[in-house]
1. For segment A:35-58, give me each residue that is outside any loop (DSSP other than H, G, I, E, B) and within 7 Å of chain B (Cβ to nearest Cβ).
2. Could you count how many residues in segment B:192-235 are closer than 20 Å to B:Ala280 by Cβ and either at the interface with another protein chain (Cβ under 7 Å from one of its Cβ atoms) or not in a loop (DSSP other than H, G, I, E, B) (or both)?
3. Six or more apart or on different chains, Cβ under 8 Å: which pairs go from a residue in segment B:3-23 that's farther than 21 Å from B:Leu126 by Cα to one that's of a type in the set (A, V, I, L, M) and surrounded by 10 or more Cβ atoms within 10 Å (Cβ to Cβ)? Could you list them?
4. Give all pairs with beta carbons closer than 9 Å in which a residue from segment B:172-187 that is assigned to a loop (DSSP other than H, G, I, E, B) meets a residue that is surrounded by fewer than 22 Cβ atoms within 10 Å (Cβ to Cβ); count only pairs at least 6 apart in sequence or on separate chains.
5. Give segment B:167-177 a look and list any residue that's closer than 10 Å to B:Ile240 by Cα and at pLDDT 85 or above, or say none.
6. With respect to A:Leu14, determine if the residue is at pLDDT 95 or above and in a helix (DSSP H, G or I).
7. Suppose we filter segment A:172-220 for residues that are outside any helix (DSSP H, G or I) and either closer than 30 Å to A:Ile147 by Cβ or not small (Gly, Ala, Ser) (or both); how many remain?
8. Would a scan of segment A:96-103 turn up a residue that is touching a strand residue (DSSP E or B) at 6+ places or on another chain (Cβ under 8 Å), assigned by TED's automatic domain parsing to the domain that holds A:Gly230 and outside any helix (DSSP H, G or I)?
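The values are calculated or read from the model by the stated rules, or taken from the named source; none is laboratory data. If you're wondering where the values come from, they're calculated on a predicted model, not measured in any experiment. No Cβ is skipped: glycine too gets one built from the backbone with ideal geometry, and neighbour counts run over all protein chains shown.
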Amino acid sequence: MNVLVVLAIILLGLMVIVGGASGVRSFISLFLNGIILVVTVFFMLDTATNILLLTMFACVGLSAVNLFYINGINRKTMAAFLATFMTLSLLLGVIYRVTDVTMIQGFSEEETEELDAYNLLVGIDYIQVAAAVIIMSTIGAIMDVAISITSAMQEYERYSKATKRELFHYGMNIGRDILGTDTNTLFFAFFGGYLGLLIWFKDLSYTFGDIVNAKVFGSEVLTIFTAGVGIALVIPIAAFTSIMLKQMIR
Amino acid sequence: MKKWLAGIAFVFCILSIYTVYHNHSWYQTAIVTVIEAKVIETTSLQQDQLYEQQLTVEDHNGQIGILTNTYSNSRAFDQKYQRGDELFVKGDQIIGVKRDKYLVIAAWVFIFFLVLIGRKQGIRSLISFALNVFILFMAISVYVRYEKVNLLVSSAVATVLFTVISIIFVSGRTAKTTAAIIATLLGTSIAFIVALVAMLLTNQQGLQYEEMQFLTRPYHIVFLAGLLIGSLGAVMDVAITMTSALFSMQHTATLQEIKQAGQTIGKDIMGTITNILFFAYVSGAIPMMLLYFKNGLPFGYTLSMNLSLEVARALAGGIGVVSTIPISIYVSLWLMKRKQVA
């Protein structure tokens, strides 16, 4: 038996016990996300593809699965979808420029020893790939914040006659409450993933200067910072799209 | 008070950026600035193109020199340098790019957005982030420095510290904090133990450690420690969300109603939080997967080589997340009952 199969079966079992039908849906969505990710990688292989544009398509697909498939198509999921899309487009443009300037794309000296056997000149623009990776690492958290805000706002407006302004502030407050926990989730996930590398830096007795200028370290730190900025940025955007859709539909 | 703090932050911001742009004397390696870059030769390859660049550079004393550099369209392992880039050099060999200044600027952008939008909560998460980074570095230093220290033990100690500090920062010192801390520690332990048992039972079949081969240490231990820390954030997220919702109903609802509300909230959040973990882990494998595919390696091999550890981490984290839902409910109810009796 394979470790991954065992873990997947246990996760599915737990999701069914704790969540019933919606647990099954959560599990399937995890699976669909994996498929979309692999398909995206396949499209990236064609050097003629504009990877940034492709990433936006992938993000649309991923948010459709995670918002519409899990919660159905309605006003709050539409608002969350729009907010996710707007935030990610905004970030993607900026991140692409940042990767270009900071030169953190591709592989570092630390990793390339094992890559000796491979041809590294593959014609794919790794700057765009790096931007895509940073965006995709945070999409889960951005969608989570967006849907939490739009669904709380919809509940709130049902029971109160809040003005647009009050509603916006309510949404912002909900967002601020999740900001701390969601950034935490991502930070620790990244820490866990980078642990091997950090130990290795220490083992090689890299100086502080070596570490902060290293390519891998730069790309990891920028990923963390982008995640934080993304999670913060989606809060006002989701509060805004929620109000916008409410007015458009009425 | 607020303006006063913002003023100090602003001064710090300007000072740190100025410093990092003028810190060349901190480095023992020579640093040069590119003042002109021009392509002198282009070679076409089967899938890519190579460019040879002639760089006119200036060092700190104003001395001009010429360096050559080769880059490709893909830039997977080479760099295209432009006017203004600062490079570390040894002789006429470029050994790195000076990136510290960009990181400092990015850090300020990060701080600015978190504080501007998150206000008090933003500042709190920044402080807890800083403390957590400090604990992480301490744990790693202790582990690397002392041979007798086991990585799993030092990660476990770090995990307890991370949990207590982060939760107190997010929700203050109340009854729900106790509940969230207990639920987080139990949930994380479950994620860890399930992963460990699954690995032992299957003889680690299906896990490909090649991507960690650069480590001179037992990599399955490093992997397990990473799994423990990685699951922690997500489990904490669930525990905090659940306990704060449940404790806010404490005075208006019966225990039975609170339990039911907990189950509904749990259903809503378990999928999204597992997804956060999934994306955070799996996306990082994309660059290497592209390289494998482009080098003609088979589909199954590429997937298992690059994704096995990431998927295992995501699944174990998911197991932690889902089991934390009932744990949070029972721990909260138990604490509420105890208070009612007393």
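1. The first filter runs over segment A:35-58 and keeps only residues outside any loop (DSSP other than H, G, I, E, B), leaving A:35-44, A:51-58.
A:Leu37, A:Val41, A:Met44 - these are the residues of segment A:35-58 that are outside any loop (DSSP other than H, G, I, E, B) and within 7 Å of chain B (Cβ to nearest Cβ).
2. 20
3. Every condition considered, the pairs that remain are B:Val20/B:Val104.
4. B:Thr174/B:Phe247
5. Keep residues of segment B:167-177 that are closer than 10 Å to B:Ile240 by Cα, which gives B:167, B:170-171, B:176-177.
B:Ile167, B:Lys176, B:Thr177, listed by residue number.
6. Working: at pLDDT 95 or above: yes; in a helix (DSSP H, G or I): yes.
Answer is yes for this residue.
7. Residues of segment A:172-220 that are outside any helix (DSSP H, G or I), as a first pass: A:204-207, A:214.
Narrowing the set further to residues that are either closer than 30 Å to A:Ile147 by Cβ or not small (Gly, Ala, Ser) (or both) leaves A:204, A:206-207.
The total comes to 3.
8. Yes, some residue in segment A:96-103 is touching a strand residue (DSSP E or B) at 6+ places or on another chain (Cβ under 8 Å), assigned by TED's automatic domain parsing to the domain that holds A:Gly230 and outside any helix (DSSP H, G or I).
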